[in-house]
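Undergrad: Following this message is one structure expressed as structure tokens.
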Amino acid sequence: MTQKRKTIHLDFEKGVYQDLTKNLIPFEHGIYLAYTGNFNGKNVSLNKLLYIGMADDTTIAKRVHNHTIDDHTDWKLRYCKKGEDIYYLVAPLEDDIRNVEANMIFRYKPPCNTNDIDKYNGKLPAPNITTNTLLEDIDGHVTEMLRLM
């Protein structure tokens with residue numbers, strides 16, 4: 001008997017965060033995305049998806065904080081164009097966090113992820129993921145403007 005695919009909705013409405021605003025990131029479990037982007041004083045334009053991460057045994061805030069210490073310098077040097085910075089989108093999630101992360105990494109293949117790029121490493125069947133962003137329409141790039149919170 002074939003197991004039915006679970007549909008999981010990711011709500012990225014919590015905001016867009018950068019290093020300077022990382023203390024505002026919710027202390028919740030879930031999924032987070034790192035992008036290059038520009039801030040024009042009012043809005044953030046997200047440009048290139050760099051990394052997909054998950055926080056299931058700690059909070060998103062703590063995981064992002066660790067990236068700002070361990071990875072930002074490398075990511076900025078390798079992927080940011082002049083005037084760009086690293087920005088994060090976060091979506092709270094309590095269940096199937098590892099499967100969602102594995103599915104998204106396999107689908108979008110962000111350059112800063114090293115695991116799950118070449119094969120899906122989650123439980124089958126892979127979850128069907130819906131979002132309130134343009135994620136399902138992108139191939140590593142996003143063009144919509146999002147409010148900086």
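Undergrad: Step by step: first the residues of region 2-47, then only those that are of a type in the set (Lys, Arg) and exposed (fewer than 11 other Cβ atoms within 10 Å of the Cβ), then the one that is nearest to residue 89 (Cα to Cα). Which residue is that?
TA: Top of the filtered list is 42.
Undergrad: For residue 73, all conditions in the list (1) open to solvent by 30 Å² or more (accessible area, probe 1.4 Å); (2) closer than 15 Å to residue 127 by Cα hold save one; what is the number of the exception?
TA: All conditions are met except number (2).
Undergrad: With respect to residue 108, is the statement that it is out of contact with any His (no Cβ under 8 Å at 6 or more places or on another chain) and open to solvent by less than 40 Å² (accessible area, probe 1.4 Å) true?
TA: yes
Undergrad: Hey, among the residues in region 64-122 that are aliphatic (A, V, I, L, M) and touching a Leu at 6+ places or on another chain (Cβ under 6 Å), which one's nearest to residue 45 (Cα to Cα)?
TA: Among them, the one singled out is 89.
The values are calculated or read from the model by the stated rules, or taken from the named source; none is laboratory data. This is a predicted model, so every value here is computed, not measured. Neighbour counts run over all protein chains shown; Cβ positions are idealised from the backbone, glycine included. Surface areas here come from the heavy atoms of the whole protein model, side chains and all, with no ligands, DNA or RNA. Shrake-Rupley method; radii C 1.70, N 1.55, O 1.52, S 1.80 Å.
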